[in-house]
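Q: Structure below; questions to follow.
No lab work stands behind these numbers, since they all come straight from the coordinates. Being a predicted model, the structure only gives us computed values, none of them experimental. Every residue, glycine among them, receives a Cβ derived from its backbone with ideal geometry; neighbour counts consider all protein chains shown.
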Amino acid sequence: MGQDPLVFRIGDDPPSRLDKALSRDVPEAAALSRTRLARLLGDGAVRVNGAVIVAAKARVAAGDLIEIDVPDPRESHIGAEEIALTVVHEDDDLIVIDKPAGMVVHPAPGSPAGTLVNALLHHCGDSLSGVGGARRPGIVHRIDKDTSGLLVVAKSDAAHQGLAAQFEAHSAERAYLAVVNGVPEASDPRLRGVRGASFEAGNVLRIATGLARHKTDRQRQAVTFEGGRHAVTRAQVLERFGHPPAAALLECRLETGRTHQIRVHLAHVGHGLIGDPVYGGRRKLSQKALSPRAIEAANGFARQALHAATLGFDHPVSGAALRFESHLPPDMASLIAALRGAA
């Protein structure tokens with residue numbers, strides 16, 4: 001157990017339920033989330049005026065003395081592994097990583113080891129103060145295994161809560177670079193007929209749909225307009241490739257952050273990512289518009305051409321505005337160089 005219990009009093013006009021009063025009045029410095037408080041309550045770690053209370057609905061009054069026994073963080077069941085990481089920024093509360101393509105973020109049945117979490121457990125060691133009661137990194141958002149680029153991970157409960165709130169409120173800045181088949185243009189009459197697609201000022205394509213698990217393939221996501229999770233992606237053409245243009249480099253900005261969101265949305269509007277084996281579609285690059293080298297580079301690209309290039313957020317503890325940028329990895333840079341070659 002922790003050396004000393006957390007002690008405080010319930011303030012004026014408290015909610016009628018103990019769990020809600022705890023959530024409102026627990027000292028912010030304790031960094032105890034609502035979920036963590038509920039778990040401690042159920043474990044008998046909360047005393048009200050000296051008596052152990054486990055009922056979340058128990059009545060509480062202003063001035064009641066609260067004592068909470070907060071255990072030391074338990075060690076994670078996930079193994080630490082010495083895996084090289086590209087660290088863009090690190091402090092006591094968080095770490096920003098430039099993830100290579102091919103690395104899974106979190107262990108799962110299909111990939112129990114070699115993940116970013118395994119690497120962070122080794123890299124951070126004792127600097128992890130505990131997230132949700134365990135000494136582990138706090139994963140706030142993820143990028144797909146074969147997507148490269150930036151993501152931020154919490155090292156403390158306070159940072160985890162603060163970052164999670166920003167991602168839930170969609171206030172964090174996330175911009176991706178994507179290489180796609182075709183060029184999404186406001187002048188394209190086909191796009192005007194795609195449900196959920198519209199254009200904003202500056203030729204910015206806005207895609208707004210629901211996203212849900214595919215009905216037959218549980219590993220995939222699918223666009224839906226009945227239910228699902230609300231998802232909004234904006235995409236703008238940065239560069240066109242070919243004569244006439246047959247492919248494009250896009251900047252994609254996430255208003256929401258759903259699983260496979262950019263990949264599914266671009267496929268929905270007929271501009272799937274080059275190299276995407278799941279959502280890329282059957283569209284073929286024009287042999288007349290691009291050079292043989294460009295066609296070969298695109299057809300041989302071994303992953304979805306998607307890179308998390310920009311990440312911005314407010315530091316969850318200090319409040320400082322932070323913004324990071326990542327250069328294109330060599331494989332995407334080479335793909336773009338090949339596509340720039342005229343037919």
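Q: Any idea what the relative contact order of the range 174-313 is, in percent, if you count C-alpha pairs under 8 Å spaced at least 6 apart?
A: Reported relative contact order: 30 percent.
Q: What is the percent of Cα-Cα separations in the range 28-114 that go past 14 Å?
A: Tail of the P(r) past 14 Å holds 77 percent of the pairs.
Q: Tell me the label-point distance for the pair K20, R59, using the 7 Å Cα-to-Cβ offset, in nm and rounded to one decimal.
A: Calculated label separation equals 1.5 nm.
Q: Lys and Arg at +1, Asp and Glu at -1: add these up for the other residues within a Cβ distance under 10 Å of S33 and post the number.
A: +2
Q: Just need log10 I(q)/I(0) for the range 74-169 at q = 0.12 Å⁻¹, Debye formula, equal scatterers on the alpha-carbon atoms, no solvent, rounded to two decimals.
A: Debye curve over Cα of the range 74-169, log10 I(q)/I(0) at q = 0.12 Å⁻¹: -0.33.
Q: H106 to T256: extension gain in nm, 0.36 nm per residue of separation minus the Cα-Cα distance?
A: Stretched out fully, the H106 to T256 stretch lengthens by 52.0 nm.
Q: Run through all the Cα pairs of the range 174-313 and give the fraction in each 5 Å bin from 0, expressed as whole percent.
A: 2, 10, 20, 23, 21, 14, 7, 2, 0
Q: Please state the relative contact order of the chain as a whole percent: Cα pairs under 8 Å, 6+ residues apart?
A: 14
Q: Beyond 21 Å, how much of the Cα-Cα pair distribution for the range 6-68 remains, as a whole percent?
A: Counting every Cα pair in the range 6-68, those more than 21 Å apart make up 6 percent.
Q: Hey, another quick one. Taking the chain as a Gaussian network, Cα atoms linked when under 10 Å apart, which of V52, V105, V317 shows the biggest mean-square fluctuation?
A: Highest fluctuation among the options: V52.
Q: Which aspartates and glutamates, on any chain, are close to K215 with Cα under 16 Å apart, when same-chain ones fewer than 8 places away are left out?
A: Partners within reach: E226.
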